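Nothing in this text is a laboratory measurement; each read-out follows from the coordinates by a stated rule. The model shown is predicted, which means the values in this text are computed figures rather than measured ones. Virtual Cβ from ideal backbone geometry, glycine too; neighbours counted across all protein chains shown.
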Amino acid sequence: MKSMITNMTLCLLGAVLVSGMASAADRTPAPANAYLYVGWPNDGEVLPANRPFRVWFGLRNMGVAPKGANVPNTGHHHLLIDTDLPPLDQEIPSDRNHIHFGAGQTETTIELPPGTHTLQLLMGDYNHVPHDPPVYSKKITVYVK
């Protein structure tokens, strides 16, 4: 009986873990030549403290569509601040380090405290899951003084 309960628990746990992940077959394809980049600020930019600054999202060979719009070769932006890329086979988190732009925005204004910060962009499909292959920018560093 104990073995049966343990096996049932492991099966349920496995089902929960698998249901939270998108298989490669479920992920939305991206154009092989899609290119995502931070258009501004530049890598190494020194920005004034206590003032918002504009972040411009650059994208080539792929379109932008709002969340929920399942349109081929499109997605929407996610700005990653002071964090590494999340798991690329799961929904992108939504928190202070993973900012979603589900309305299809291509720029934003942010304010960061003094210090060294990193910015990176990641495209998500209509369900906020990275494409296959994932489309992400180079991580840049900015200095707020």
Original post:
On full extension of the chain, what length is gained from Arg96 through Thr108, given 0.36 nm per residue of separation minus the C-alpha to C-alpha distance?
Top reply: 2.9 nm
**OP:** May I ask you to compute the full-extension gain from Asp82 to Arg51, defined as 0.36 nm times their residue separation minus their alpha-carbon distance, rounded to one decimal in nm?
**Re:** 9.3 nm
Subject >> Theoretical gain in end-to-end length, Asn61 to Asn33 [0.36 nm per residue, Cα-Cα removed] >> reply: 9.4 nm
Original post:
Each residue of the stretch 45-62 in order: what ³J(HN,Hα) in whole Hz does its phi give by Karplus 6.51 cos²θ - 1.76 cosθ + 1.60, θ = phi - 60°, with x for Gly and Pro?
Top reply: 4, 9, 10, x, 6, 6, 9, x, 9, 7, 10, 10, 9, x, 8, 10, 6, 7
Subject >> Beta bridges by DSSP in the stretch 56-145, antiparallel share as percent, to the nearest 5 >> reply: 90
Original post:
Where does each of 43-51, 111-119 land if you order them by average Cβ count within 10 Å, highest first?
Top reply: 111-119, 43-51
Subject >> Label zone at Trp40 (point 7 Å along Cα-to-Cβ), backbone N below 18 Å, the stretch 77-109 >> reply: 105-109
